[in-house]
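J.: The structure's right below; bear with me while I get my questions together.
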Amino acid sequence: MTSHPTVTVFGAYGHTGRFVVAELIRRGWTPILSGRDAGKLTDLAASYTGLEIRPASIDDPESLDRALVGATAVINAAGPFAATAAPVTDAALRARIPYLDVAAEVEVALSTVDRYPALATAAGIAVVPAAAFYGGLVDLLATAAMGDWAAADEVSIAYALDSWLPTAGTVATGHVSDARRDSKRLVFRQGRLELRSDDAPVTEWTFPEPFGPQRVQADFTTADSVTLPHHLKVSEISSHMTVAPLEDLGGPRTTPPTGIRSDQQFLVEVIVRSGDERRRAVARGQDIYAITAPIVVEATRRLLESPTPPAGVLTVGQLSDAADFLRSLGSEHFTVEFS
């Protein structure tokens, strides 16, 4: 691997994409700016010096191929991922470079882990879905917490956000997922995902400070319910989300795609149980969109610097030492603790 890798970012001008571009540059890497809107790519490139723009469309495989020429990896930050994941993954297979995305949609992550293992292995590349706040962070926390356990009876996940203020892309993605499920909800039970038409229960969870006791919606299923069982032997996964940010998600407010870190605070608590023994991991941070960038870029680094590049469909929890991965994210905006 070169000391200054070149990485194509598809959806570079989106809210999360801008964070990814900034993180690559912070590390001394060279992003290639790609996406469907040439005008927005040009505007973004004006904020930096010497970055190449390569407009590409998911309906035009040749344009995607051109966007990946000379890149050592591609990061897909363009939602809804139900539309973009497969075309960009297919382009990565043709280019024989690793593919990573930041999709939170359960259906997209599930489709990736079902469709691409043999194809990615044959191409000799890694395909990494959901390398983001949803899907990636909990995968790392649960993997680190399990440690030397071969299996766990249950993984309990609880998210606390002081607000959500979702981007337009998040809202649009939610609508797409809702339509695909015919407004039903997904729940992980007895080792598999199942659809349910009843209302999600509301209960209470006592978080560590500063959140404390909070009303939470149970069965808040995200890509975590795909990434964890992809490599961890776990029978039950339960997920909870504080009620207040879900009201933001259903409301009219959105954050503009400025790439500026918000003051949103989050806490994620993961409890892994085997029999009567429990292990716990807690992550605290600022801005769920901003923290996605170091997760997906660090995952890219570990793939590219691996002495034996892995191939197949992998999750971030499989890439290397999960606890070390989490510690590498440490900054003024993110902390993690284990007990």
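The values are calculated or read from the model by the stated rules, or taken from the named source; none is laboratory data. This one's a predicted model, so the numbers in the text were calculated from it and none came from an experiment. Reconstructed Cβ throughout: ideal geometry from the backbone, glycine too, with neighbour counts over all protein chains shown.
J.: Checking the conditions here, which among Thr121, Thr112 is touching a strand residue (DSSP E or B) at 6+ places or on another chain (Cβ under 8 Å), surrounded by fewer than 22 Cβ atoms within 10 Å (Cβ to Cβ), part of a helix (DSSP H, G or I) and hydroxyl-bearing (Ser, Thr, Tyr)? Step through it out loud before you land on a result.
T.: Numbers: Thr112 fails: surrounded by fewer than 22 Cβ atoms within 10 Å (Cβ to Cβ).
Unique residue meeting the criteria: Thr121.
J.: Which residue pairs have Cβ atoms under 7 Å apart, sit 6 or more places apart or on different chains, and have a first residue in segment 109-122 that is in contact (Cβ under 8 Å) with a residue 40 or more places away in the chain and a second that is of a type in the set (Gly, Ala, Ser) and assigned to a helix (DSSP H, G or I)?
T.: Ala109/Gly135; Thr112/Ala85
J.: For segment 197-207, state whether one or more residues are in contact with a strand residue (DSSP E or B) (Cβ under 9 Å, 6 or more places away or on another chain), modelled with pLDDT of 70 or more, closer than 26 Å to Phe338 by Cβ and surrounded by 14 or more Cβ atoms within 10 Å (Cβ to Cβ).
T.: Scanning segment 197-207 turns up at least one residue that is in contact with a strand residue (DSSP E or B) (Cβ under 9 Å, 6 or more places away or on another chain), modelled with pLDDT of 70 or more, closer than 26 Å to Phe338 by Cβ and surrounded by 14 or more Cβ atoms within 10 Å (Cβ to Cβ).
J.: Still on this structure: Applying the selection to segment 57-80, what residues are among the polar types (S, T, N, Q), closer than 21 Å to Thr292 by Cβ and not in a loop (DSSP other than H, G, I, E, B)?
T.: Asn76
J.: Here is a follow-up. Starting from segment 85-96, take each residue that is closer than 11 Å to Pro61 by Cβ and list its partners that are part of a loop (DSSP other than H, G, I, E, B), counting only C-beta distances under 6 angstrom and pairs at least six apart or across chains.
T.: Pro87/Ile58
J.: If you go through segment 145-164 one residue at a time, do you hit one that is at pLDDT below 80, surrounded by 12 or more Cβ atoms within 10 Å (Cβ to Cβ) and within 30 Å of Ala83 (Cβ to Cβ)?
T.: No, segment 145-164 has no match at all.
J.: Could I ask something else about it? Please name all residue pairs, on different chains or six or more residues apart, with Cβ atoms under 6 Å, provided the first residue is in segment 221-250 and is touching a residue at least 12 places away in the same chain (Cβ under 8 Å) and the second residue is of a type in the set (D, E, K, R).
T.: Close Cβ pairs (under 6 Å, with a partner that is of a type in the set (D, E, K, R)) amount to Thr227/Asp139; Leu228/Asp139; Ser235/Asp153; Glu236/Glu154; Val243/Arg215.
J.: Say whether the condition of being surrounded by fewer than 18 Cβ atoms within 10 Å (Cβ to Cβ), without any contact (Cβ under 8 Å) to a residue 12 or more places away in the chain and of a type in the set (D, E, K, R) is met by at least one residue in segment 46-54.
T.: No, there is no match, as no residue in segment 46-54 is surrounded by fewer than 18 Cβ atoms within 10 Å (Cβ to Cβ), without any contact (Cβ under 8 Å) to a residue 12 or more places away in the chain and of a type in the set (D, E, K, R).
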